[in-house]
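In what follows, a single structure is set out as structure tokens and then discussed.
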Amino acid sequence: MIQKKICMVGAPSVGKTSLVARYVHSIFSEKYLSTVGVKIDKKTLQVDGRDITLMVWDLAGDDDFQPLQVSYLRGAAGYLLVADGSRRATLEHAVELHARVTQAVGAIPFMLVLNKSDLGDLWEIEDARIALLMAQGWAMQRTSAKDGTGVDAVFEQLARRTLAPGLGRTRGEPSA
């Protein structure tokens, strides 16, 4: 069986833990519990006829008080870069995090996850900004940990990218 380490990266409160809970345990809770350090879950899935176990590392949100511990990313096959679609600043934070992660561990497969798609009226991230990142080679998926939209798909897409490492790498760093 193939095992792949996948990390969840993003600002605090973007829904990293909720995405993992929805994916691994098929649950969602309205309670906010801040991740301290790292929490590890695993799930086995089939990708292109192969069994693959994802070891999902849910990393604490990156902010001034608790910066991302890039050492947790060592050995990762890929990562989900999570932003909250209802808070524009979390996308710009994700762009900065991507640059830090790439500098620390090199170019590994990743996907941008725009979470909280169920909050349509509160959505702040412009389609033009998303299109710019995608034009620079970023893969993106809108998700909702609350209603499950896109959650299984984003983990499966990243798993597929880790099996074909040329996918998921950017052609260049995005402009701010």
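The values are calculated or read from the model by the stated rules, or taken from the named source; none is laboratory data. These numbers were taken from a predicted model, which means no experiment stands behind them. FYI the Cβ positions are ideal-geometry reconstructions off the backbone, even for glycines, and counts take in every protein chain you see.
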Quiz prompt | Single residue of the range 63-88 satisfying the filter (among the acidic types (Asp, Glu) and assigned to a loop (DSSP other than H, G, I, E, B)) that is nearest to the chain's Cα centre (by Cα) | solution = ASP63
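LEU112: modelled with pLDDT of 95 or more, out of contact with any Lys or Arg (no Cβ under 6 Å at 6 or more places or on another chain) and under 23 Å from TYR32 (Cβ atoms), yes or no? Full working, then the answer.
On the way: modelled with pLDDT of 95 or more: yes; out of contact with any Lys or Arg (no Cβ under 6 Å at 6 or more places or on another chain): yes; under 23 Å from TYR32 (Cβ atoms): yes.
Yes, satisfied.
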Self-check item: Candidate set: the range 1-59, residues that are in a loop (DSSP other than H, G, I, E, B) and touching an Asp or Glu at 6+ places or on another chain (Cβ under 9 Å); chosen: the one farthest from SER144 (Cα to Cα)
Solution: MET1
Practice problem: Spot the failing condition for THR35; the list is (1) under 23 Å from LYS116 (Cα atoms); (2) at pLDDT 95 or above; (3) among the polar types (S, T, N, Q), and only one is missed. | Solution: (2)
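Please work out if THR162 is surrounded by 15 or more Cβ atoms within 10 Å (Cβ to Cβ) and free of Cβ contacts under 8 Å to residues at least 60 places away in the same chain.
Details: surrounded by 15 or more Cβ atoms within 10 Å (Cβ to Cβ): yes; free of Cβ contacts under 8 Å to residues at least 60 places away in the same chain: no.
Criteria not met by THR162.
Which of the residues belonging to the range 112-139 are of a type outside the set (D, E, K, R), touching a strand residue (DSSP E or B) at 6+ places or on another chain (Cβ under 7 Å) and within 14 Å of VAL14 (Cβ to Cβ)?
LEU112, VAL113, LEU114, ASN115, SER117, ILE125
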Quiz prompt | Residues (hydrophobic (A, V, I, L, M, F, W, C), touching a residue at least 24 places away in the same chain (Cβ under 8 Å) and over 16 Å from LYS39 (Cα atoms)) located in the range 62-80 | solution = ALA77
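What are the residues in the range 105-129 that are outside any loop (DSSP other than H, G, I, E, B) and crowded, with 18+ Cβ neighbours inside 10 Å, if any?
Within the range 105-129, the subset outside any loop (DSSP other than H, G, I, E, B) is 105, 110-115, 120-122, 127-129.
Those that are outside any loop (DSSP other than H, G, I, E, B) and crowded, with 18+ Cβ neighbours inside 10 Å: PHE110, MET111, LEU112, VAL113, LEU114, ASN115.
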Exercise. Give me the pairs, please: first residue somewhere in the range 135-152 and more than 19 Å from ALA107 (Cα to Cα), second residue anywhere and part of a loop (DSSP other than H, G, I, E, B) and of a type in the set (D, E, K, R), beta-carbon distance under 6 Å, and either six or more positions apart or on two chains.
Key: SER144/ASP118; LYS146/ASP118; ASP147/ASP118
Quiz item: If you check every pair at least six apart or on different chains, which have Cβ atoms under 6 Å apart with a residue in the range 106-125 that is closer than 23 Å to ALA21 by Cβ first and a residue that is among the aromatic types (Phe, Trp, Tyr) and surrounded by fewer than 23 Cβ atoms within 10 Å (Cβ to Cβ) second?
Solution: LEU112/TRP138
